[in-house]
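Since the structure comes first, as structure tokens, the remarks are kept for the end.
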Amino acid sequence: MLFIYDKQGINIVHASSPKNQVKNLLTLKDSNGVFIIKELIRAGQSGGGFLKYVYAKPGVTGPQPKLSYSAPIKGGDWYIGTAFYIDDIERLTQIYSDKVIAQMHSQLRSAFFSAIILSALTIFIMLFVAQKISQPINAMLETLNDIADGEGG
């Protein structure tokens with residue numbers, strides 16, 4: 001959601017609530033006593049900042065925690081901001097986290113099976129090379145034993 005207020009608290013633009021446009025909402029207060037627009041203007045006047053408050057959310061009973069950010073628009077007395085409900089942020093964060101964990105598990109499985117295959121292949125190659133090296137040595141040992149036993153020629 002995007003909104004713009006002037007320094008007197010008059011709503012210039014409100015993406016999700018056009019009925020509030022051109023209304024002075026400076027005294028808008030949440031159930032905890034936070035003056036929402038005053039604090040957003042203050043955050044904007046300080047160069048930009050966040051504000052936590054509670055606000056009615058469509059489809060949900062009771063006010064819900066919300067996070068807004070407000071920043072000044074250069075060259076004027078307007079402040080632009082955006083806001084999100086905390087539960088939406090948590091839900092989206094959980095979805096992202098679940099995807100990352102699933103991807104990580106998939107990559108770990110791939111790495112594990114690749115390691116097993118590479119280990120088995122390495123062992124097979126080592127045994128093959130060891131056999132190729134030991135065959136002539138064993139043949140030479142048999143010949144030397146035959147010579148030592150008087151059978152070689």
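The values are calculated or read from the model by the stated rules, or taken from the named source; none is laboratory data. Note that the structure is predicted; figures quoted are calculated from it, not measured. Reconstructed Cβ throughout: ideal geometry from the backbone, glycine too, with neighbour counts over all protein chains shown.
Couple of notes before you dig in:
- Subset of region 134-153 that is in a helix (DSSP H, G or I) and surrounded by fewer than 10 Cβ atoms within 10 Å (Cβ to Cβ) - its residue that is farthest from the chain's Cα centre (by Cα): A148
- Residue among I80, I147, I86 that alone is of a type in the set (V, I, T) and over 30 Å from K29 (Cβ atoms): I147
- Some residue of region 69-89 being of a type in the set (A, V, I, L, M, F, W, C), modelled with pLDDT of 95 or more and either part of a helix (DSSP H, G or I) or farther than 28 Å from K52 by Cβ (or both): yes
- Residue match in region 31-45 (condition: modelled with pLDDT under 95, among the hydrophobic types (A, V, I, L, M, F, W, C) and either assigned to a loop (DSSP other than H, G, I, E, B) or more than 24 Å from G75 (Cβ to Cβ) (or both)): no
- Within region 122-132, the presence of a residue that is outside any helix (DSSP H, G or I) and loosely packed, with under 10 Cβ neighbours inside 10 Å is excluded.
- Top-ranked residue in region 1-28 [being loosely packed, with under 13 Cβ neighbours inside 10 Å, under 20 Å from L67 (Cβ atoms) and not hydroxyl-bearing (S, T, Y); ranked as farthest from the chain's Cα centre (by Cα)]: A15
- Hits in region 55-66 - residues which are among the aliphatic types (A, V, I, L, M) and either assigned to a strand (DSSP E or B) or at positive phi (or both): A56
- Among the criteria (1) over 16 Å from Y69 (Cα atoms); (2) assigned to a strand (DSSP E or B); (3) among the basic types (K, R), the one K52 does not fulfil is (1).
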